[in-house]
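Visitor: Shown below is the structure under consideration.
The values are calculated or read from the model by the stated rules, or taken from the named source; none is laboratory data. None of these values were measured; they are calculated from a predicted model. Heads up, the Cβs are rebuilt from the backbone with ideal geometry, glycines too, and the neighbour counts pull from every protein chain shown. For the accessible areas, the whole protein counts, side chains as well, though only heavy atoms, and no ligand, DNA or RNA atoms are used. Shrake-Rupley method; radii C 1.70, N 1.55, O 1.52, S 1.80 Å.
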Amino acid sequence: MKTDILKINPFCIEQDYIIKAANIIKSGGLVAFPTETVYGLGADALNPAACAKIFQAKNRPLEDPLIVHIADKQDLFKVAREIYKITLDLIDAFWPGPLTVVLKKQEAIPDIITGGLDTIAVRMPNHKIALDLIKKAQTPIAAPSANIFGRPSPTTAQHVLEDLDGKINLVIDGGSTDIGVESTIVDLTQDPFCVLRPGGVGIEELRRIIPQVGLYKKDGILSPGMYPRHYAPNAKILIMEGNGKMQTEKVKDIAHEFDLQGYRFGILAKFENKDRYGDFNVKLLGPGNDLVACAANLFSVLRDFDKDKVDVIIAETVEEKGLGIAIMDRLRKASGVSEKHV
Ligand code: TXA
Ligand code: MG
């Protein structure tokens, strides 16, 4: 299959292009599109055959359920049931935006979306192209991140093409995504509510509306799709815990060790430490005090290391607050070490 590319300026949207993309969705095809978090791979959520193509293109296991995207808060009632006031308070506070809610599903939702579960994950993205596409397609759009299963999520149309060229009908190139890590997923069918995946909305912000929310299920069982090694580049990732000079010294020691052993390696460093590692292959995440920048760069930098064909990435850490929780969650999953329980 030939994958078409449509460049659309999110600040001046060519509606003919949106109609073209929407027609592909309507006729059961696959369209990758930008959201404020990462690029999604969209199909008509009410068409099981179209959704099946998502799993095929991504090489994704069928038991890993998809997030359904809507463009109008009222449409939540069409896909989910048992919606209480607290859910409405949450979506009023965070939609459109990087929050996904897990609720009981409506009958009409095909099993392929939910992996056979009785629950559905839903969000309303805060991106004009995504919203226009959903409205014009006149159907909710199921969209996982538009990468091959297990790889770092795409934050540019180029990343989507690296993974899916020839496997999908269309990529809408709307430039780099703003946030760079996926939405926060909160399960509202659990008591107490619990965050299944930290993301664009910080847990501190969520707690303003639902103070009792926990991070990850208490029994430690991961939600479907929360596989141990995920978001991973080809290279192994070694996370150097610690702070300040103690951390940079540890990174330096291990880098010299790897150098002696002849490994190809890179160092993922914060901006303020860029000069500490001499001539080694250093790539910058962003300033440690600018977690927004660090999140926006994360997946792109991991993909850049793959282009250098390094065997190992030695990674510094960022502070685990706000977006830093999502950044460290993705780095830990990419390293194959499961997340810390907070
Ligand atoms: O920011 C995002 O959320 C992006 C953009 C494209 O919207 N999407 C995204 O989708 O990250 P994906 O497929 O990469 O992650 C979806 C995850 C699944 O792996 C699963 O863990 C969780 O959402 N999920 C979906 N339905 C669920 C359900 N019914 N119960 C629990 N978890 C669910
Ligand atoms: Mg994903």
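Visitor: Only Cα pairs under 8 Å and at least 6 apart count here; give the relative contact order of the chain as a rounded whole percent.
Guide: After rounding, I find 20 percent.
Visitor: A further question follows. For the range 145-286, what does the alpha-carbon gyration tensor say about shape, rounded, prolate or oblate, given a ≥ b ≥ c as the root eigenvalues, a/c under 1.5 as rounded, and a/b over b/c as prolate?
Guide: Verdict is oblate for the range 145-286.
Visitor: Let me ask something else. Amide H of residue 194: which non-local residues (sequence gap of 5 or more, or other chain) have their own amide H closer than 5 Å, using H built in the peptide plane?
Guide: 187, 214
Visitor: Just the C-alpha atoms of the range 4-181: what Rg/Rh do they give, with Rh taken as the Kirkwood radius?
Guide: Radius of gyration over Kirkwood radius for the range 4-181 works out to 0.94.
Visitor: Please express the shape of the range 221-330 as an equivalent ellipsoid: the semi-axes are the square roots of 5 times the eigenvalues of the C-alpha gyration tensor, given largest first in whole angstrom.
Guide: Square roots of five times the eigenvalues give 22, 18, 13 Å.
Visitor: Here's something else I'd like to know. Please build a GNM for the chain, connecting alpha carbons under 10 Å apart, and tell me which residue among 21, 157, 52 fluctuates the most.
Guide: 52
Visitor: What residue among 146, 326, 57 has the largest mean-square fluctuation in a Gaussian network model of the chain, using Cα springs under 10 Å?
Guide: Residue with maximal mean-square fluctuation among 146, 326, 57: 57.
Visitor: Which loop-located trypsin sites (Lys or Arg not before Pro) does the range 239-268 contain, where loop means any DSSP state but H, G, I, E or B and the Cβ has at most 16 other Cβ atoms within 10 Å?
Guide: Those satisfying the criteria are 264.
Visitor: Between rounded, prolate and oblate, where does the range 281-342 land on the alpha carbon gyration tensor, with a ≥ b ≥ c its root eigenvalues, rounded for a/c under 1.5, else prolate if a/b exceeds b/c?
Guide: The shape class here is oblate.
Visitor: Pairs of alpha-carbon atoms within less than 8 angstrom and 6+ residues apart define the contacts here; what relative contact order does the range 224-342 have, in percent?
Guide: So the answer I get is 40 percent.
Visitor: Something else: Convert 20 °C to kelvin, take the viscosity as 1.002 mPa s, use the Kirkwood radius over C-alpha pairs of the chain as Rh, and evaluate the Stokes-Einstein diffusion coefficient in µm²/s, rounded to a whole number.
Guide: Value of D from the Cα-based Kirkwood radius: 105 µm²/s.
Visitor: Restricting to DSSP loop positions (anything but H, G, I, E, B) with no more than 14 other Cβ atoms inside 10 Å of their own Cβ, which chymotrypsin sites (Phe, Trp or Tyr not before Pro) remain in the range 4-45?
Guide: 11
Visitor: As a check on your grasp of the helix formula, calculate [θ] at 222 nm for the chain: sum -39500 (n - 2.57) over DSSP H runs of n ≥ 4, divide by the residue count, round to the nearest 500.
Guide: -10000 deg cm²/dmol, from helical runs alone.
Visitor: Mind checking the per residue accessible area of the chain for me, 1.4 Å probe, whole number of Å²?
Guide: Using a 1.4 Å probe on heavy atoms only, each residue of the chain averages 42 Å².
Visitor: Under a 10 Å cutoff between Cα atoms, tell me which one of 71, 315, 108 has the largest fluctuation in the Gaussian network model of the chain.
Guide: Top of the fluctuation ranking is 108.
Visitor: Right, next: How much FRET efficiency would the formula 1/(1 + (r/R0)^6) give for residue 15 and residue 189, where r is the Cβ-Cβ distance and R0 is 45 Å, rounded to 0.05?
Guide: So the FRET efficiency works out to roughly 0.75.
Visitor: With a 1.4 Å probe and every protein chain kept in, tell me what percent of the accessible surface of the chain is carbon plus sulfur.
Guide: C and S fraction of accessible area: 52 percent.
Visitor: Residue farthest toward the positive end of the dipole of the range 4-181, with Cβ of Lys/Arg at +1 and Asp/Glu at -1: which of 177, 147, 158?
Guide: 147
Visitor: From the backbone phi of the range 137-147, what are the Karplus-calculated ³J(HN,Hα) couplings (6.51 cos²θ - 1.76 cosθ + 1.60, θ = phi - 60°) in whole Hz, Gly and Pro given as x?
Guide: These are the phi-based 3J(HN,Hα) values: 6, 6, 7, x, 10, 7, 8, x, 4, 8, 10 Hz.
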